């Protein structure tokens, strides 16, 4: 699924996105940018809670699925069911699997097959694409 060509339940034009996101969030969520490794305060977040899309507020990840991957970005072994979608990313002279919000199409990061069990996956996510809600948990 190509997030650029797809339609999503939350659709905004570029000006609307720019008004609702910080310039840094806009670069990551709407332009497929990447924050520098180790710069997100969420990388060290250890509290119970939920991680939502910074673009539309959709619940993406539960805190109990977060782990320290050593990558420099917040990492999770599984998203909330139906919360993310994927597409092939052929940028930067490589092929990776991009992860984006299934509700607004915002770029979150990438998923790799080198994560812990039970899934074996590592959702490597830009902290700028997330909003953390402490204490809330669906598990």
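Computed from the coordinates by the stated procedures, all read-outs in this text should not be read as laboratory data. Keep in mind that this is a model prediction, so the values were computed, not measured. In this analysis, Cβ positions are derived from the backbone assuming ideal geometry, glycine residues included, and neighbour counts consider all displayed protein chains.
With the checklist (1) assigned to a loop (DSSP other than H, G, I, E, B); (2) more than 15 Å from the chain's Cα centre (by Cα) in hand, flag the one item residue 32 doesn't pass.
(2)
Restricting to the stretch 56-77, name every residue that is touching a residue at least 60 places away in the same chain (Cβ under 8 Å) and surrounded by fewer than 22 Cβ atoms within 10 Å (Cβ to Cβ).
Our first condition is that a residue be touching a residue at least 60 places away in the same chain (Cβ under 8 Å); within the stretch 56-77, this holds for 57, 59-64.
Across the stretch 56-77, the qualifying residues are 57, 59, 62, 63, 64.
Scanning the stretch 43-55 for residues that are at negative phi and more than 12 Å from the chain's Cα centre (by Cα), which turns out surrounded by the most Cβ atoms within 10 Å (Cβ to Cβ)?
Quick first cut of the stretch 43-55, residues at negative phi only: 43-48, 50-55.
Subset that is more than 12 Å from the chain's Cα centre (by Cα): 43-48, 50.
On the way: 43: 19, 44: 10, 45: 16, 46: 8, 47: 11, 48: 12, 50: 21.
Out of the qualifying residues, it is 50.
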